[in-house]
Each structure stands twice: as structure tokens, then as C-alpha cells.
Amino acid sequence: MARHAVLLTTRRTALLPGSGRGGRDNPGGRVRLAGRDGSPGNDGSRGPEGALFKTAAVLFVLLAVALGGWLHASGRWPFEPDAGPPPVLATPPPALGAPVVRVGAATALAVLETLPVKGRAARTNYDRSAFGEAWLDADFNGCDTRNDILRRDLQDTTFEKGSLCQVRTGTFHEPYTGQTVTFQRGATTSAAVQIDHLVALGNAWQTGAQQLTAVQRQSLANDPLNLLAVDGPANVEKSDADAATWLPPEKKFRCQYVARQISVKAAYRLWVTPAEKAAMARVLGPCPAMKVLASGYGS
């Protein structure tokens, strides 16, 4: 934790006034250093200030590499039924949220038995904004959550010119349909690949999220554990459905899908309905050893 704090402080030091923390007009928060002769645009190696900026820039690059590793590891799950247990998630970078509960290693069936069972609460006052800004830059790496998950889940990715954030194209083995899907950024093509909340936010609102704080709801909406790049039409068909009313057409992925939903519900103290619990138990019947995953925010 102390190491993370030092890295975060260094990163902020490296950003010059006006550079912000990155974003659309400044992806990644690029650092501009002074020159050897003290003029803008060079490396500013003369004097203590130049040395400080050099050191800060190096540490900033190291932090960016660490962030990239986290993004490409957190929440990824093999889709093949015989691929073995899900991976252990890496420790997250600083400035991220946190789950409400740290879920330990256990089978999904065992964790399912610990979840409260209740009926759905009223959808009264539900609004997407209750879960914070959609696709915010949760980890301060200059990329919004949608692009972070596209980078994590897609292979053979290319990026928009001048960006290492905005995914332009990529392919992946789509988990809900079992098909190989190609992503192409564009006004009429981007929606073919969507980022799904495995526990839909509308469902979360009706099964306990109303009692969470605004910060906890924002963590739920941006936790890599609860996010997956999927086929757009399949995601639209799912909408806010739970496991009792919708399951992926690709039957080989259903065990992982339900186990991941249980992982999210346990991490954020959400409950299941009686029909939902029964459906989850049925899906996990043929795969009783399937494990839950820890939050993508790590420990």
C-alpha cells in the first residue's frame, strides 16, 4: 500500500500544470520536460529540477507499464470448459475503488449458499447515474473503462492514430455466443461489441445496491470482475435479466458466467431471488468445482 502511495505521488509530480490526468485531449497525461539549455521542449538535464523531472518521467513510465499489466490480467477468464481454474487477479494500481466484501477462495456453489435470498426490490428511482459516470477513467490511466476492457478482452488490437487507449480494431472469442467476433470502431459498427455488466446495474439496484454508498456503486459499475466484452445483440437481449430469465446461448460458458455473477453479488453484498438461486444451482450442478473470482480491485 505504501509503495502504491509513493508511485501515485510521483505520477502527480510528473504532470506539469495544465496537463491534468490525461483524457481525450491529453491521453495518458504526457509529460513535457525542459531542455538541456533550460528552454521548453528539451530534456532539462542540467540542474536539480531537470534531474527531478527525468526521475519522475521514468517512474511514470514504470507505473504505466504496471497499469497495463493489471488491465490485461484482471477479470480475464478462459472460456474453454477444460481450461482449468480462473487466474488469480493481480494487485491493482492506486486510486481504484474497492469491493464491499473480500471474497475468499471457495466454490461458487458454497458462496451461493451464503447469499441472502429475497424478492426483488422495487425499481423506484433507478437511474444509471446512481452508479456514477458511465465509463469513467477509474484507474487514472487516461483511458475510460470501456476501452480498458476492450484492451483486456480483445486480441490483435490496433489503436486510433496517436493513441494507445482508443481501440480501433480487434478480434476475440466471444463468450456469450461462442463465435469469433471482430470489433471495428465506428458510428455504425462499435455497438457490435458491447461491455456487459455481468450483474446488470438494474438488477443490482433491485437486489441490494440501493443500500450501497455512491462510491460503492461506482466501484461495482467499474469493477473488471463485473465487466466483459460481448456480442452486442446478445447483450441487448439480456438487458437487466438475472440467471433465472437469461443465460448465454453458448452453454460451455454458463458455469463461468454464473460463477462470476455469484462472485460479484458476494463482493457487493447483493442478494439473489429464489428463482435466481435455483437457476444458478442448476447451472453449477455439472461443474461443482467451479471457483469464484476475487474483485478486480484486488486486495
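The values are calculated or read from the model by the stated rules, or taken from the named source; none is laboratory data. All of these numbers come straight from a predicted model, not from anything done at the bench. Cβ placement follows ideal geometry from the backbone for every residue including glycine, while neighbour counts extend to all protein chains displayed.
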Residues located in segment 107-119, provided they are in a loop (DSSP other than H, G, I, E, B) and surrounded by fewer than 15 Cβ atoms within 10 Å (Cβ to Cβ) | GLU113, THR114, PRO116, LYS118, GLY119
Considering only segment 120-135, how many residues are assigned to a loop (DSSP other than H, G, I, E, B), surrounded by 15 or more Cβ atoms within 10 Å (Cβ to Cβ) and within 19 Å of the chain's Cα centre (by Cα)?
-> 2
Which numbered condition trips up LEU228, out of (1) within 30 Å of LYS161 (Cβ to Cβ); (2) surrounded by fewer than 24 Cβ atoms within 10 Å (Cβ to Cβ)?
-> (2)
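Table: residues versus (1) more than 17 Å from ARG102 (Cβ to Cβ); (2) assigned by TED's automatic domain parsing to the domain that holds ASP148.
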| residue | (1), (2) |
| --- | --- |
| ARG260 | no, yes |
| LYS265 | no, yes |
| ARG269 | no, yes |
| THR273 | yes, yes |
| GLU276 | yes, yes |
| MET280 | yes, yes |
| LEU293 | no, no |
| TYR297 | no, no |
Which condition number in (1) over 19 Å from the mean Cα position of the chain (by Cα); (2) closer than 17 Å to GLY132 by Cα; (3) not charged (D, E, K, R) is the one that PRO233 fails?
-> (2)
From the list GLY170, GLY162, which one is among the small types (Gly, Ala, Ser) and buried (at least 16 other Cβ atoms within 10 Å of the Cβ)?
-> GLY170
Residues of segment 153-178 being in contact with a Pro (Cβ under 8 Å, 6 or more places away or on another chain) and modelled with pLDDT of 95 or more, which ones?
-> PRO175, TYR176, THR177, GLY178
Would you check which residues across segment 166-187 are of a type in the set (S, T, N, Q) and not in a strand (DSSP E or B) and list them?
-> GLN166, THR177, GLN179
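Rundown of residues vs (1) over 18 Å from the mean Cα position of the chain (by Cα); (2) among the charged types (D, E, K, R), yes/no style:
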{"site": "ILE149", "(1), (2)": "no, no"}
{"site": "LYS161", "(1), (2)": "yes, yes"}
{"site": "GLU174", "(1), (2)": "no, yes"}
{"site": "ALA192", "(1), (2)": "yes, no"}
{"site": "ALA200", "(1), (2)": "no, no"}
{"site": "TRP205", "(1), (2)": "yes, no"}
{"site": "THR213", "(1), (2)": "yes, no"}
